[in-house]
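The values are calculated or read from the model by the stated rules, or taken from the named source; none is laboratory data. From a predicted model like this one, the values you see are computed outputs, not experimental measurements. Note that each Cβ is placed from the backbone with ideal geometry, even for glycine, and that neighbours are counted across all protein chains shown.
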């Protein structure tokens, strides 16, 4: 008789919501026996049992006992938890249960688009996922890296994979932050077939790392016959990364932006991170300059105090003044504050309109000189004004979506 | 109306019992209610010769007061939920009833709370025959599982007043918890260690009950002022060491939701109030003390300040946030039925613009008008809503009775009724094909605001056109429902209930029967 193997996945404690705990034991005979304790038993009891059995079948499991303690997990979560438990019990299983449809909620990735806000959602906290996009971040990041403990990496990977296949993230850019190294390669294999728009690459230190990752992504894209669309967003989080920022930004046409991560950066240079941020001023300026030189966006780090809205606003105004195009968020309430700070002021818009009008008049009259009242306007001033109006147009389009 | 056994189908298409606890009932016929006939109930004429001329109506203890009130088997005893989840008096009361060897009591509370779980043994042993009032937590489970001896009767605050006034419910003994009282029986809720705010819910009971017992832990020399309850209506005054746990009677501070999704709902409601033009100088609104409602008040306040708009009145339950509106000059008055936190109690005690109301002034449908229909905007919750905007507030989708109606039904008569609800809870869709229990007819529900968008009742073309072009995510209930069912994995099964075994009925504001709550388990609903 073969050894019985038992494994557990998911969570079940008094605070658990919209999640479940699955205990899986492989057996030699007796078919698939499912025992369910669920707060939604009367509503979805049969549906839960059917899904658990379907996942077992898809993974080639013929005989097993499963116990599900459910606190209202949505089907994409339940399926991920069952699959994780099975794969923890038997690491040789490579088959997968794929709910939903990767095409349904994906759109063509756009290299240029507003990225004022990128909201990080922990990859192993499925309860936050269905509603995250309703808070309208420009980019929504399902995070497999720092927000997931090492022993839950496998679980989060399947939750994120299933989320990308089943949840409509609206017009938010769909992004995944993968892990470093071989874990990151496994992450790519799970998520690239689900057509995310962007892969965030943590702790990027040089152009080779970008090129290696692009090669890995292409391998997965080729295997699944997907268009070569997935964009890359390297995060600079070390002194070396800052030094190599321009090479990183220009290593591949897939790079759409550079982000800076200040918790790791300040640790790397051996200083405390302060709210004022003097210690990272050089790094932030270097990243902005490298990104702009390479023709990509520059995105600032997150503001970690979710209760300090005034601090966040002031910090975002500073980010904007330094040349950043966006800022990270760790809580949805930060989103409107950042969007508001990035919005050009009425005064800026008014002035930009007058400059662009004056430039139009000058062009039509064939005059090479643009003037506003008694003042001569230089070409870069016209370009900046055009950029302000372009941002207003983009942001308004984002706000107008419903 | 076709009879079906002991049930009859009402105008809302719901089967309701013909007889409830031995009394013939009328089925729901019209949202506007059927025309009442006859006169209101009266009470026995009393004489000063039977009461002490020195005004001292104190008796030794509750048992003595009950005995002298003529307590007998099968009587109706009423209590009130002013002490909320801190109430210790109701447990004392039923211990006394039990010790007097009395059984079969109809308990007629204005609401019950989780702390009343300790009454379950009295229900089991038959001291309490059945409850007519809200049934939450353990009492809700007890009733839903068919263990209560009689049928539960769920009424709104207004309908509770109506049933007493119209003589449908005759209260034998009213027991009124008074945070402050004198020996004559004058009482208020704003002073004393158990201060709770207004005592308006006890008004009907004081006026119509045969016997009225005031129980206080803060006996003051005559006169107890202000007198929210007049001593002239009171038979006995009992002093007890404590009415309850002050920290659970009012919270130190009421807490705004931190859930980003509920914050988003609150934001949408506030934006809707502004975009629809409801938020204009002199307007009025009512929102509850739930986290979403509090967040809504804060977000509306920002908009009122930005636009320089001041309300004429706001309706309580009061909280620190409503008190701030009053103190910052953003409303002329608070008309308050209950105070949820210390700031609410303090304001009612010290600010003449913060006024006590009662179910009579606010909600009673059998009167010469009430305040509810004059409110411009009311923001409520619900457990379920169907595609015709019919809503449920008493049962969950699994059939269990878990909430009371409160003032919810009465508030539906406002000029704009908004349900601010999540589109799903965990894996429980909130927008359903058929509500488990009908509590509010859809024609009175104007807007449903969820985190996924705002649905405006097609009957309210005026509101629809007012918010057009506002940038608000206006959607149909169907489209929100479909999106949620997609996430939840299809339509849920209907609750498993025994349709032959009613456990409670839901009244409409005119006293007719709107729907039935069934025993959970057993045969499936067809």
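Points worth noting:
- Helices (runs of 4 or more DSSP H) within the stretch A:243-300 that include 3 or more residues in contact with a strand residue (DSSP E or B) (Cβ under 6 Å, 6 or more places away or on another chain): A:245-249, A:281-294
- In the stretch A:26-46, the residues that are within 36 Å of the chain's Cα centre (by Cα) and assigned to a loop (DSSP other than H, G, I, E, B): A:39, A:40
- Looking only at the stretch B:97-121, residues that are free of Cβ contacts under 8 Å to residues at least 60 places away in the same chain and under 21 Å from residue B:170 (Cβ atoms) come to 8 in all.
- Meets criteria (more than 26 Å from residue A:135 (Cβ to Cβ), surrounded by 23 or more Cβ atoms within 10 Å (Cβ to Cβ) and touching a strand residue (DSSP E or B) at 6+ places or on another chain (Cβ under 9 Å)) for residue B:517: yes
- Residue A:70 vs. criteria at pLDDT below 95 and within 31 Å of the chain's Cα centre (by Cα): no
- Residues satisfying the stated conditions in the stretch A:226-242, i.e. more than 17 Å from the chain's Cα centre (by Cα) and either at pLDDT 95 or above or outside any loop (DSSP other than H, G, I, E, B) (or both): A:238, A:239, A:240, A:241, A:242
- Options B:146, B:140, B:101; residue that is outside any loop (DSSP other than H, G, I, E, B) and out of contact with any helix residue (DSSP H, G or I) (no Cβ under 9 Å at 6 or more places or on another chain): B:140
- Test: residue in the stretch A:20-38 that is crowded, with 23+ Cβ neighbours inside 10 Å, in contact with a helix residue (DSSP H, G or I) (Cβ under 6 Å, 6 or more places away or on another chain), within 13 Å of chain B (Cβ to nearest Cβ) and under 23 Å from residue A:157 (Cβ atoms): yes
- Among (1) surrounded by 17 or more Cβ atoms within 10 Å (Cβ to Cβ); (2) in contact with a helix residue (DSSP H, G or I) (Cβ under 8 Å, 6 or more places away or on another chain); (3) at pLDDT below 95 - the single one residue B:498 does not satisfy: (2)
- Flag not set for residue B:71, criterion: over 27 Å from the mean Cα position of the chain (by Cα), modelled with pLDDT under 95, in a loop (DSSP other than H, G, I, E, B) and farther than 27 Å from residue B:191 by Cβ.
- Selection from the stretch A:350-376 of residues that are closer than 27 Å to residue A:317 by Cα and in contact with a helix residue (DSSP H, G or I) (Cβ under 6 Å, 6 or more places away or on another chain): A:352, A:355, A:356
- Taken together, the residues in the stretch B:263-299 that are within 22 Å of the chain's Cα centre (by Cα) and over 24 Å from residue B:462 (Cβ atoms) amount to 9.
- Residue within the stretch A:87-102 that is touching a residue at least 60 places away in the same chain (Cβ under 8 Å), closer than 29 Å to residue B:396 by Cα, within 13 Å of another protein chain (Cβ to nearest Cβ) and out of contact with any helix residue (DSSP H, G or I) (no Cβ under 6 Å at 6 or more places or on another chain) present: no
- Any hit, the stretch B:503-524, residues being at pLDDT 95 or above, in contact with a helix residue (DSSP H, G or I) (Cβ under 9 Å, 6 or more places away or on another chain) and part of a helix (DSSP H, G or I): no
- Residue B:510 vs. criteria on the phi < 0 side of the Ramachandran plot and without any contact (Cβ under 8 Å) to a residue 12 or more places away in the chain: no
- Among the residues listed as B:460, B:452, B:434, the single one being surrounded by fewer than 20 Cβ atoms within 10 Å (Cβ to Cβ) and over 25 Å from residue B:375 (Cα atoms): B:434
- Here residue B:486 clears all of (1) within 9 Å of chain A (Cβ to nearest Cβ); (2) farther than 30 Å from residue B:132 by Cα; (3) touching a strand residue (DSSP E or B) at 6+ places or on another chain (Cβ under 9 Å) except the condition numbered (3).
- Scan of the stretch B:237-260 for residues that are surrounded by fewer than 22 Cβ atoms within 10 Å (Cβ to Cβ) and closer than 30 Å to residue B:223 by Cα, ordered by number: B:239, B:240, B:241, B:242, B:245, B:246, B:247, B:248, B:251, B:252
- Flag for residue A:65 being more than 10 Å from chain B (Cβ to nearest Cβ), surrounded by 24 or more Cβ atoms within 10 Å (Cβ to Cβ) and not in a loop (DSSP other than H, G, I, E, B): no
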